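What follows is calculated from the coordinates using simple rules that are stated; it is not laboratory data. Model, not experiment: these values are computed from the prediction. Cβ sites come from the backbone with ideal geometry, for glycine too, and all protein chains shown count toward neighbours.
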Amino acid sequence: PEINDAMAKVGFREGTYEQKMPAPIDIDVKQRVKNIFIDGDLSEWQGLEGIELVAPRYLEFGEVLGPDDFSSALRFLWDDEYLFFCAEVRDDILFTRRSAEAIYKNDCLEFFFDPEGDGLEWNNPKDVQIGMSPRFNAEAPYVNGWAWFQNVDPVKSKDLMVSTTQTDGGYIIEGALRWSFVQVSPQTDAIIPMSPAFNDVDQNGKNEAKVNLFFQDVTGKDALKKLARMRLRSETF
């Protein structure tokens with residue numbers, strides 16, 4: 001009470017300035033008509049425009065030292081059953097040791113979905129935070145997956161089909177995510193609140209940085225997040 005009284009006496013009062021929030025980003029997604037093979041080979045994606053998820057423009061936290069430290073390009077397609085995606089990632093250090101719910105501590109691609117459009121609420125099972133982290137070993141590469149709000153592995157349930165390839169200076173992730181898993185009924189011109197993000201982790205397992213297309217706090221208390229807008233177009237590819 002004494003602090004509040006002192007602040008009132010020196011002239012502090014509730015703010016009257018309305019903060020201008022950035023407008024959500026739109027992701028236009030064409031409808032799939034050609035065959036997409038989930039094999040980590042992106043030859044069938046050539047010619048499709050994507051988005052570049054790079055720092056500093058989309059940096060949520062941390063530091064990216066340059067395009068070789070971390071940069072990425074994402075492309076999407078849709079049909080009645082799946083959201084198809086591919087990511088080409090430049091990352092000078094790959095850290096992918098952790099599995100299951102701990103993959104957010106790896107180099108990791110994440111998708112956030114708010115299917116009801118009322119703001120993404122943390123740990124609300126009506127919303128989705130789904131991640132995938134590549135693993136490269138002597139036998140065959142594979143991808144760890146996890147959906148934190150549902151506490152399940154969507155790769156094991158076959159709601160997420162995904163493949164990865166290690167490249168010179170990074171990796172590729174290619175996949176197809178079942179719409180029903182993210183509680184979306186796709187249709188032409190639908191607008192789906194959705195944002196992709198990448199974690200960049202160094203060799204010591206320390207989270208160096210995160211880039212996120214659009215992840216805007218809308219309450220001032222970190223309770224709800226506004227996401228980018230994915231628009232399902234009638235144009236085909």
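Normalised by the number of residues in the chain, the average gap of Cα pairs under 8 Å and 6 or more apart makes the relative contact order 27 percent. The packing ranking, built from the mean of other Cβ atoms within 10 Å per residue, places the peptides 172-185, 153-166 in the order 172-185, 153-166, highest first. Comparing Cα centroids, the range 181-237 and the range 101-140 end up 10 angstrom apart. For the range 225-232, 3J(HN,Hα) computed residue by residue from phi via the Karplus equation (6.51, -1.76, 1.60; θ = phi - 60°) reads 10, 8, 10, 5, 10, 8, 10, 8 Hz, glycine and proline entered as x.
Taking square-rooted eigenvalues a ≥ b ≥ c of the alpha carbon gyration tensor, is the range 155-237 rounded, prolate or oblate, where a/c under 1.5 means rounded and, failing that, a/b exceeding b/c means prolate? Judged from the Cα gyration tensor, the range 155-237 comes out oblate (a/c at least 1.5, b/c at or above a/b). When you restrict to C-alpha pairs under 8 Å that are six or more residues apart and normalise by the size of the range 122-237, the relative contact order lands at 17 percent. Calculated FRET efficiency, Ile38 to Ala223, Cβ-Cβ distance, R0 = 41 Å: about 0.70 to the nearest 0.05.
Pro186 sits among other residues whose Cβ lies under 9 Å from its own Cβ, and their net charge, with Lys and Arg +1 and Asp and Glu -1, is -3.
For the pair Tyr142 and Asp80, how long in nm is the line joining their label points, each one 7 Å along Cα→Cβ? Result: 3.3 nm between the two label points. Within the straight-line cut-off of under 25 Å between alpha carbons, the lysines reachable from Lys30 are Lys158, Lys226, sequence neighbours fewer than 8 places apart in one chain being disregarded. Using the Cβ of Glu81 as centre and a radius below 14 Å, the other residues enclosed give a net charge of 0, where K and R count +1 and D and E count -1.
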